[in-house]
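Here the structure is laid out as structure tokens; the discussion comes afterwards.
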Amino acid sequence: MKKLILAVLLLVVGSARAEMHVVATLPDLGTVAEVVGGDRVEVTVLCPGDMDPHFLPAKPSLARKLGKADALIYNGLELEVGWLPLLIGKARNPDVRPGQPGEIDCSAALSEVLEVPEGEVDRSMGDIHPQGNPHYTLDPRRMVEVAAYLAERFTRLDPEGEAAYRAGAEDFRARVETRLPAWESAAEGAAARPVILYHRNWTYLADWLDLTVVGEIENRPGIAPSPRHVQSLIDQGRHLRNVLILSAHWDHHHIGEEIAERMDAQMVVLPGQTGARDTEDDWFVLMDTIADRLAAAAPSGGDDR
């Protein structure tokens, strides 16, 4: 009898075990993978939520995680170019090497990529991405595209899960559409004001919410602004009045704060990705937080930190 009970327990545990071990480079993508994959996937995220994903160190511990993966999902558009190729090389996992079914570039899902540069691109221009702006995870419309794409790619790896993956993608789409009206309503006040971005990681957010972007503090992405550029922004802000500055939690806030003070603008610090704080533990909560902070931005100056 004991042997029979043990056999039943092992069968139940075995049936509940995930079919695939998925490694996501970013926590935003980790949420999508969890919703789409449900119980059939186990998701591990490489980049902590409080770290700028441009600069994640390629630690051996991360390579070991990647070495156990059945699938790697990543942002693409060269966002992870400084560290992901190194990890793939160290992981020695043939399943996630370029061109393999387990290597999933989520940017392939996008119907449109913003800010694709024209002509030659070199490092003197800053952290310019030759394939276009990679920060699409803050646009819910594009994340719905990513969910549908993941359902397709997961099905290739695990055909028996096709119905579950399609249902997961549909669940993600439905949850987004349910929240969209509240998110968009919360941002209406910000949409009525001139907006300066600290970095272009807010470009897709601005595109979705129809924000009027009048400039960037980092006029060359990833490079500290020159005094001349800062003064130009301040003069512009004084002329426009009621300017809103959007900054990520990992940016150099003292620069944004100085500019905001001198142009009598309002700086709003937003979480840059899921997990920036413990309470923002999935992408939907992240978007709720961003919407709430935009809604709380005072109509004429103030501080929202």
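Using a 1.4 Å probe on the protein heavy atoms, what percent of the accessible area of region 59-189 belongs to carbon and sulfur?
Carbon plus sulfur share of accessible area: 50 percent.
Quick one: dipole size for region 62-171, taken about the Cα centre, charges +1 on Lys/Arg Cβ and -1 on Asp/Glu Cβ, in debye to the nearest 20.
640 debye
Per residue of region 42-53, what does 6.51 cos²θ - 1.76 cosθ + 1.60 with θ = phi - 60° give for ³J(HN,Hα)? Whole Hz please, x for Gly and Pro, Karplus curve as stated.
Rounded to whole hertz, the list is 10, 10, 10, 10, 7, 8, x, x, 8, 10, 4, x.
Only Cα pairs under 8 Å and at least 6 apart count here; give the relative contact order of the chain as a rounded whole percent.
It comes to 16 percent, rounded to a whole number.
Considering only C-alpha atoms, what is the centroid distance from region 197-221 to region 263-281, in Å?
Taking the Cα centre of region 263-281 as reference, the centre of region 197-221 is 14 Å away.
Could you derive backbone 3J(HN,Hα) for region 202-207 from the dihedral phi with the Karplus parameters 6.51, -1.76 and 1.60 (θ = phi - 60°), listing whole Hz in sequence and x where the residue is Gly or Pro?
Residue by residue, region 202-207 yields 9, 4, 5, 4, 5, 5 Hz.
How much length, in nm to one decimal, is gained on full extension between R166 and H229, taken as 0.36 nm per residue of separation minus their Cα-Cα distance?
Contour length minus Cα-Cα distance gives 17.8 nm.
Using only the Cα atoms of region 221-278, construct the convex hull and provide its projected area averaged over every direction, in square nanometres to one decimal.
4.4 nm²
So the label point goes 7 Å from the Cα of D288 along Cα→C-beta, right? Which residues of region 18-49 then have their backbone N under 17 Å from it?
Inside the label zone: 28, 31-32, 35.
Hey, any idea what % of region 235-289's accessible area is carbon plus sulfur with a 1.4 Å probe?
43 percent
For region 229-261 and region 63-77, compute the distance between their C-alpha centroids and round to whole Å.
37 Å
Select from A248, F172, N93 the residue farthest towards the positive end of the dipole of the chain; place +1 on Cβ of Lys and Arg, -1 on Cβ of Asp and Glu, and compute about the Cα centre.
Towards the positive end, the residue furthest out is N93.
Per DSSP helix of 4 or more residues, -39500 (n - 2.57); summed, then divided by the residues of the chain. What does that give at 222 nm, rounded to the nearest 500?
-14000 deg cm²/dmol
Taking H as built 1.01 Å from N, whose amide H comes closer than 5 Å to the amide H of E280, not counting residues under 5 places away?
Excluding prolines and chain starts, which carry no amide H, the hits are G275.
So what J values fall out for region 194-201 if you push phi through Karplus, 6.51 cos²θ - 1.76 cosθ + 1.60 with θ = phi - 60°, rounded to Hz, Gly and Pro as x?
Result, ordered by residue: x, 10, 10, 9, 5, 9, 7, 6 Hz.
Could you size up the charge dipole of region 11-93 around its Cα centre, putting +1 on the beta carbon of Lys and Arg and -1 on that of Asp and Glu, and report it in debye to the nearest 20?
Around 480 debye, computed over region 11-93.
Checking understanding here: applying a Kyte-Doolittle mean of at least -1.0 and a length along the axis of at least 30 Å (C-alpha), which whole DSSP H helices in the chain pass?
Working: long enough: 162-186 (36 Å, -0.71).
Helix filter hits for the chain: 162-186.
Lys/Arg Cβ at +1, Asp/Glu Cβ at -1, dipole of the chain taken about the Cα centre: which of L294, V144, N75 is farthest positive-ward?
It is N75.
With a ≥ b ≥ c taken as the square roots of the eigenvalues of the C-alpha gyration tensor of region 184-305, please select rounded if a/c is under 1.5 and otherwise prolate if a/b is larger than b/c or oblate if it is not?
The shape class here is prolate.
Counting only protein chains, not ligands or nucleic acids, how are I73, I223 ordered by accessible area (probe 1.4 Å), most first?
My answer, sorted largest first, is I223, I73.
Rounded to the nearest 20 debye, what is the charge dipole size of the chain about its Cα centre when +1 sits on each Lys and Arg Cβ and -1 on each Asp and Glu Cβ?
Charge dipole, the chain, about its Cα centre: 980 debye, nearest 20.
Quick one: which of 277-287, 200-210, 92-102, 169-179 comes out on top by average Cβ neighbours within 10 Å, and what's the full order, highest first?
200-210, 277-287, 169-179, 92-102
Just to be sure I understand: if I project the alpha-carbon convex hull of the chain onto a plane and average over all orientations, what area do I get in nm²? Show your work: numbers first, answer last.
Numbers: hull surface 73.0 nm².
So the Cα hull casts an average projection of 18.2 nm².
Please enumerate, by chain and number, the aspartates and glutamates with C-alpha under 15 Å from the C-alpha of K68, excluding those fewer than 8 residues away in the same chain.
Of all the aspartates and glutamates, those that pass the test against K68 - Cα under 15 Å, at least 8 places apart if same chain - are E19, E42, D95, E103.
The values are calculated or read from the model by the stated rules, or taken from the named source; none is laboratory data. Because the structure is predicted, anything quoted here is derived from the model rather than measured. Neighbour counts run over all protein chains shown; Cβ positions are idealised from the backbone, glycine included. For the accessible areas, the whole protein counts, side chains as well, though only heavy atoms, and no ligand, DNA or RNA atoms are used. Shrake-Rupley method; radii C 1.70, N 1.55, O 1.52, S 1.80 Å.
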